[in-house]
Amino acid sequence: MKFLNFGSLNIDKVYTIPHIVKEGETLSSVSYDEYPGGKGLNQSIALAKSGAQVFHAGKIGKDGLFLKQELALEGISVERIYDDGLITGHAIIQVAPTGENCIFLYGGANKEITVEQIDNVLEDFNADDFLVLQNEINCLDYLINAAFKKGLTIALNPSPISDSIKSLDYSKINYLILNEIEGREMTGEKSPNKILDHLLSNYNNLKVVLTLGTNGVVYRDNVQEHKQEIYKVKVKDTTAAGDTFLGYFLSMISQKHDIKFALIVASKAASLAVSRKGSSSSIPVLAEVLGK
């Protein structure tokens, strides 16, 4: 089974500050760092580090060529990354001493993907493969429809949340992996149980993974539900926690492990990621996770 991650590629510009900036406030940054980033890139690296065979597709500008090198170093296929974008997408990230973060994005080349490029990429994949998507690229509706016709297993992380992501055809999606805030935005419900009830009542084909921060994670489909607590660590940076969890969870599922085992491994991986600074650089390898 192959993973095609048609996802974002960003340059993360990280500012360490005393606290998350408030409206009208000016703060001096304690430090500045620059990292490879984007939810797509992070998720591809998490998949690869967990043992999956990963093919990344997307678009960058010439200023982002080092992102292809970063992925290739992890054994990820990068031949389907186009580099004809105007400027590479980037993120401005505030990180507080508590480890909490605040992020805003400039889509750049991530939003310049064409239908022709999508068709070319999908030619190499079939019903035995996974397609992983996030909401940081354009043409999601076309991608989902085209992949569904080919029988791919589709996993969507609807982040960052937007009105357009709510209008997608979720009957064509197999795995929906989202956090509590995204769940509230999508359903209008506040409690985890009601969020899950709403999603499954409308789309009983969905397999939903709802992450709840310090309250752990809950998985539900139309026949089973599983809950998993977090593994407590000293938090340094939560930037890649969700992406690490997603990559490890899907990888374990693709290897035919059961849901409970996948939740345990993904939660352990995420706990290791938040105990380190950085985004993709904080993602652990499988041996670290299994040894935890």
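Each value in this text was obtained by applying a stated rule to the coordinates, not by laboratory testing. Remember, predicted model here, so these are calculated numbers, not experimental data.
How long, wide and thick is the chain, going by the Cα atoms along their three principal axes, in whole angstroms, largest first?
Ordered largest first, the chain gives principal extents of 49, 42, 40 Å.
Taking amide H positions as placed in the peptide plane 1.01 Å from N, state which residues far from Lys59 in sequence (5 or more) or on other chains have amide H under 5 Å from it.
Residues meeting the amide H criterion: Leu9, Tyr82.
Could you list which residues have their amide H under 5 Å from that of Gln53, counting only those 5 or more apart in sequence or on another chain, with H placed in the peptide plane?
Phe3
Taking the Cα centre of each part, how many Å lie between the range 240-278 and the range 94-156?
Using only Cα atoms to place each centre, the spacing works out to 19 Å.
Taking every DSSP beta bridge that has both residues in the range 22-105, what percent is antiparallel when rounded to the nearest 5?
Around 50 percent antiparallel, to the nearest 5.
If the cut-off is 18 Å between C-alpha atoms, which lysines fall inside it for Lys256, apart from same-chain ones fewer than 8 positions away?
Hits, sequence-local ones excluded: Lys2, Lys49, Lys207.
Stokes-Einstein diffusion coefficient for the range 175-291 at 25 °C in a medium of 0.890 mPa s, Rh from the Kirkwood formula over Cα pairs: what value in µm²/s?
For these conditions, the coefficient is 170 µm²/s.
At 0.36 nm per residue, minus the direct Cα-Cα distance, what do Val233 and Asp169 gain on full extension? Give it in nm, one decimal, please.
That pair, Val233 and Asp169, stretches by 19.3 nm at full extension.
What share of the DSSP beta bridges in the chain is antiparallel, in percent to the nearest 5?
40 percent
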